[in-house]
Amino acid sequence: MSPDQGNFQGSADSTGSGEGSNPSRFARCIEFGLQPLLITLALGIWIAYPGNPAMFLFVLAGVQLLLAGLESWIPARRDWQQPMRERMTNIAIVIVILVGTVVVAEIYQGVLAAPLADLRVAMHLDIWPTSWPLLLQIFLAFAIGEFILYWIHRAEHRWGWVWRLSGHGVHHSFKRLNAINFGVNHPFETFLLVIPLVLTELFFGAGKAAAGAAILGAVQTGIVHSNLRLNARWIGLFFTTNEAHIRHHSVVLDESNTNYGCSSILWDRVFGTFGSGPVVEAGIGPSEPTLMEKIMMPFREPADSVVAP
């Protein structure tokens, strides 16, 4: 079994997307072309309209609608398709988290902008390469933000108190993964997830490049949670693929403690936490917590959790 097949153990289906079937030409185009196409389109739109904040929501909504349609049409695992009630609940949670993210980012901006600007000048770090093409600046901001997020994410899985206080277990609690799961987190975790790009923007003075990196990250996190068969070879050398990230959502602890890079797998490769191989089941234990149990996870871990550090 090749690495890009290993995460999906679903049975063959009429779409040709299931394991053991002969994929249709359309499914093969999606497998090899969807991720690079979405990355290219998202970056192209942002570079064309870098000063328009509405572009973030436009790109994010467009990507999620496309991924949801494909997951319904050619899912990698039919048993991972979400019932409409579950999907609508997750959409509502994502909307709340996105609003909270904006609020937290504004709080950080108001509190940290002046002191970080002064520190940047004092430490002679006002060296952001503004003369570079915007695309290169975006990738630089993306790599820096992913480096910070890698260590935050690794800490959540290394220390139980970080796992609990952040509510990170909520994100791992789902037995069925789809693209919409990219933003289904506990509200407490918002305070950690916003830090990487805020620091990149304020400490290094990345400006518009940080916003472009945020779009790239949002598109990537949707892709890596998607219930689609996608190629994991060349693009998986730098970008995280759903093959890699679904392993991170495994109910098996040794598999879950790999692939901390949500958008870029680069730092996992550098620091030795990259893993690959088949994943049979996602979640934090044999059963999925109820919505109320998920809300309470920072205070009380479910009794059957086997993933929490």
Residue hits (the range 69-96; buried (at least 17 other Cβ atoms within 10 Å of the Cβ) and closer than 19 Å to Ser24 by Cα) are Leu70, Glu71, Ile74, Pro75, Ala76, Arg77
So, Asn227, is that one in contact (Cβ under 8 Å) with a residue 60 or more places away in the chain, over 19 Å from Asn178 (Cα atoms) and not small (Gly, Ala, Ser) or not? no
Quick check on my filter: what residues within the range 267-298 are of a type in the set (A, V, I, L, M, F, W, C) and crowded, with 17+ Cβ neighbours inside 10 Å? Trp267, Phe274, Val279, Ala282, Ile284, Met297
For the range 278-307, enumerate the residues that are of a type outside the set (D, E, K, R), under 21 Å from Arg154 (Cα atoms) and under 20 Å from the mean Cα position of the chain (by Cα). Val279, Ala282, Gly283, Ile284, Val307
Quick one: Val198 ticks every box in (1) part of a helix (DSSP H, G or I); (2) out of contact with any helix residue (DSSP H, G or I) (no Cβ under 6 Å at 6 or more places or on another chain) except a single one, so which number is it? (2)
I'm checking my understanding of the structure. Among residues of the range 127-150 that are among the aromatic types (Phe, Trp, Tyr) and assigned to a helix (DSSP H, G or I), which one is farthest from Phe191 (Cα to Cα)? Phe139
Residue list for the range 157-171, filter: surrounded by fewer than 21 Cβ atoms within 10 Å (Cβ to Cβ) and not in a helix (DSSP H, G or I): Trp159
Of the residues in the range 46-78, those that are among the aliphatic types (A, V, I, L, M) and under 20 Å from the mean Cα position of the chain (by Cα) come to Met55, Leu57, Val59, Leu60, Ala61, Val63, Leu65, Leu66, Leu67, Ala68, Leu70, Ala76
Considering only the range 82-126, state which residues are farther than 12 Å from Ile180 by Cβ, in contact (Cβ under 8 Å) with a residue 12 or more places away in the chain and not in a helix (DSSP H, G or I). Leu125, Asp126
What number of residues in the range 113-142 are touching a Leu at 6+ places or on another chain (Cβ under 7 Å), under 18 Å from Ser264 (Cβ atoms) and surrounded by fewer than 20 Cβ atoms within 10 Å (Cβ to Cβ)? 1
Of everything in the range 172-191, what is surrounded by fewer than 21 Cβ atoms within 10 Å (Cβ to Cβ) and farther than 23 Å from Val251 by Cα? Give them in sequence order. Phe191
Taking the range 235-258 and the residues there that are in contact (Cβ under 8 Å) with a residue 24 or more places away in the chain, part of a loop (DSSP other than H, G, I, E, B) and crowded, with 17+ Cβ neighbours inside 10 Å, the one that is farthest from the chain's Cα centre (by Cα) would be Val251
Using the structure shown, decide if Arg229 is surrounded by fewer than 18 Cβ atoms within 10 Å (Cβ to Cβ) and of a type in the set (Lys, Arg). no
Can you go through Gly261, Gly275 and tell me which one is more than 14 Å from the chain's Cα centre (by Cα) and either under 24 Å from Phe188 (Cβ atoms) or in a loop (DSSP other than H, G, I, E, B) (or both)? Gly275
Condition met for Ala232 (under 16 Å from the mean Cα position of the chain (by Cα), among the small types (Gly, Ala, Ser) and outside any loop (DSSP other than H, G, I, E, B)): no
Where residues in the range 50-83 are in contact with a helix residue (DSSP H, G or I) (Cβ under 7 Å, 6 or more places away or on another chain) and of a type in the set (A, V, I, L, M), which of them is farthest from Leu228 (Cα to Cα)? Met55
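Computed from the coordinates by the stated procedures, all read-outs in this text should not be read as laboratory data. Predicted model only: the values in this text are computed from it and were never measured. With ideal geometry, Cβ positions are generated from the backbone for all residues, glycine too; neighbour counts draw on all protein chains shown.
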